[in-house]
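*Asks:* Structure below; questions to follow.
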Amino acid sequence: MLTTGTASAADLLQTYYDALANDARHSAARAQHEADQEKRVQGRSALLPILGVSANAQRNNTDYTPQNGVEENRRYSSNSYALQLSAPLFRVQNWHQYKEGALQTELANSIFNQETQELILRTAEAYFDVLNSQDSLHAIEQLRTAAAEQLELARTSFKVGTVTVTDVHEAQSRFDLASAQEIAAHNTLDVSLEALARIIGHTPKELAGLKPGVMLSHPEPNSIDAWVDAAEKGNYGVQTQTLAREIAEREYQRARAGHLPTLDLVASHSRNTRPSVSVERTEGSAVGVQLDMPLYQGGYVSSRTRETAALKLKADSDLEEARRAAALAAREAYLGVTNGMAQVRALEAAQISSTSSLEANRLGYKVGVRINIDVLNAQSQLADTVQKLARARYDTMLAQLRLKASIGSLGEEDVRAINALLETRN
């Protein structure tokens, strides 16, 4: 499914698959997520035994004088090995380290899920920017064509004496302005295509557009308070800060445990061959417990405890800020959907009115009850309304996705729902 190109027009779902496969930012987040999965294993290692082995071999050259007073020289080889085992029996800080590792893995999952939501939003925004640029270009091309027709009509009428040269100049001005707008629209489209290519790894040749007369749905549930409550609990930003707060608590407990004694089980086995001139071999084993009691470490433990206590308070404030930000995001997205739908309905009515106004002004111009500037203004108004309507539709669909993201539930199914509103353009 994660392909990089299709023979037909790409839709939003295919574009999202391309983004999953090719977006550099998401790839970096995925690699970071895989790396952070090891935090749980690293934390657990603090509770497990440590086993090590050491060995050495050396050549000895020894001069010595025994009781008979005759100096002698001995040259011999010696070697040894030792096997050591240490297992923690009582280490409070290690337990907190283990719990912290598990929390860091959960934090990594939350961060990656949030990044996946961000990928959906970035892809949809770039996709709709391309569609909006195409719609704007099409509207301006129609305006330029209409302005060219009006300019030709003004010139013809001027030759027969039914209009003044002012009408010709006005028509020429509107035609030139439409030509300049068309150049700018082409540039905007090129930029938006490159922005989308940055995410999906290639420039799409054709994109599926919005179906004519598509109806957008209201949020469900249709209550802003319900969405705000859900956001304060399910938003990934809130989840991330909640885990960060728990990690800060574990860090504080670890720091405090620096004052506590530690108890370890220790065992060793060693063997030495020719450790000295007079000894041929030694071998021994030992098993016991080792108690360490920290008394004073230069004030480090107390300082570290105060530091982590302050960081815990910071985590509390960060969590509260995340809740407020999530609530605001949910409110903004909800209002973006509801107000956007109202704006779409108003602009759809304005488009019908602007089309009727243009037709009436053209007819009035032909029969002499309207002047050239009336027709030109009606053409510009219709083109502006068409562009605003397209933008309002795309902004409303983006607001729908942002609303789902605000409560942490945005996923591929939501992309499919938006994708169902698209079709290949002729």
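*Asks:* Quick one: dipole size for the chain, taken about the Cα centre, charges +1 on Lys/Arg Cβ and -1 on Asp/Glu Cβ, in debye to the nearest 20.
*Replies:* The dipole magnitude comes to about 880 debye.
*Asks:* OK, next. Mind checking which of Q93, Q58, Q134 has the largest fluctuation in a GNM of the chain, springs on alpha carbons under 10 Å?
*Replies:* It is Q58.
*Asks:* Now for a separate question. State, to one decimal in nm, how far the label point of A57 lies from the label point of L265, with both points 7 Å from Cα in the Cβ direction.
*Replies:* Spacing of the two 7 Å Cα→Cβ label points: 3.4 nm.
*Asks:* Let me see the pair-distance distribution of region 85-130: every alpha carbon pair, 5 Å bin width, integer percents in order.
*Replies:* Bin by bin from 0 Å, the calculated values are 5, 18, 12, 12, 11, 9, 9, 7, 6, 5, 4, 3, 1.
*Asks:* How many angstrom lie between the Cα centre of region 193-223 and the Cα centre of region 87-110?
*Replies:* Centre-to-centre (Cα) distance: 43 Å.
*Asks:* Suppose the chain between A21 and N222 were pulled fully straight at 0.36 nm per residue; how much longer would it get relative to their current alpha carbon spacing?
*Replies:* 68.8 nm
*Asks:* Using a 1.4 Å probe, what is the accessible area per residue for region 137-285, in Å²?
*Replies:* 56 Å²
*Asks:* So, one more: Quick check: residue separation of E359 and E38 times 0.36 nm, minus the Cα distance between them. What number comes out in nm?
*Replies:* Contour length minus the Cα-Cα distance gives 108.7 nm.
*Asks:* Still on this structure: Once you've got the Cα coordinates, tell me which of K211/K388; K314/K404; K366/K388 are over 23 Å apart.
*Replies:* Flagged as over cut-off: K314/K404; K366/K388.
*Asks:* Cα to Cα, under 18 Å, and not fewer than 8 places away if on the same chain: which aspartates and glutamates meet these conditions relative to K159?
*Replies:* E149, D167, E170
*Asks:* Under 13 Å Cα-Cα from K39, which aspartates and glutamates qualify once same-chain neighbours fewer than 8 residues away are excluded?
*Replies:* E100, E106
*Asks:* Determine Rg/Rh for the chain; Rg is computed over alpha-carbon atoms and Rh is the Kirkwood hydrodynamic estimate from the same atoms.
*Replies:* Rg divided by Rh gives 1.31.
*Asks:* Label point 7 Å out from F90 along Cα-to-Cβ: which residues of region 240-262 have amide N under 12 Å?
*Replies:* Correct set: 260-262.
*Asks:* At most 15 other C-beta atoms within 10 Å and a DSSP loop state: those are the exposed GluC sites (Glu not before Pro) I care about. Give me the longest piece of the chain that has none.
*Replies:* For GluC sites (Glu not before Pro) (loop position, at most 15 other Cβ atoms within 10 Å), the longest site-free span of the chain is 207-426.
*Asks:* In region 136-224, what trypsin sites (Lys or Arg not before Pro) fall in a loop by DSSP, with at most 14 other Cβ atoms inside 10 Å?
*Replies:* Passing sites in region 136-224 are K205.
*Asks:* Taking a cut-off of 14 Å, what percent of all Cα-Cα pairs in region 16-82 are separated by more than that?
*Replies:* 78 percent
*Asks:* Between Q351 and L313, what is the label-point separation in nm under the 7 Å Cα-to-beta-carbon projection?
*Replies:* 5.7 nm
*Asks:* Please give the calculated 222 nm ellipticity per residue for the chain, where each DSSP H segment of at least 4 residues contributes -39500 (n - 2.57) and the sum is spread over every residue; nearest 500 deg cm²/dmol?
*Replies:* That comes out to -23500 deg cm²/dmol.
*Asks:* Could you point to the residue in P221, G237, S179 farthest towards the positive end of region 160-280's charge dipole, with +1 and -1 charges on the Cβ of Lys/Arg and Asp/Glu respectively?
*Replies:* After comparing all options, I get G237.
*Asks:* About the Cα centre of region 317-369, what is the dipole size in debye to 20, counting +1 per Lys and Arg Cβ and -1 per Asp and Glu Cβ, all else neutral?
*Replies:* Roughly 340 debye for region 317-369.
*Asks:* Residues of region 347-378 with backbone nitrogen within less than 13 Å of a virtual label 7 Å along the Cα-to-Cβ line of T166, please, listed as ranges.
*Replies:* Flagged as within label range: 371-374.
The values are calculated or read from the model by the stated rules, or taken from the named source; none is laboratory data. These figures come from a predicted structure and were not determined experimentally. Backbone-built Cβ (ideal geometry, glycine too); neighbour counts: all protein chains shown. With ligands, DNA and RNA removed, areas are computed over all heavy atoms of the protein, side chains included. Shrake-Rupley method; radii C 1.70, N 1.55, O 1.52, S 1.80 Å.
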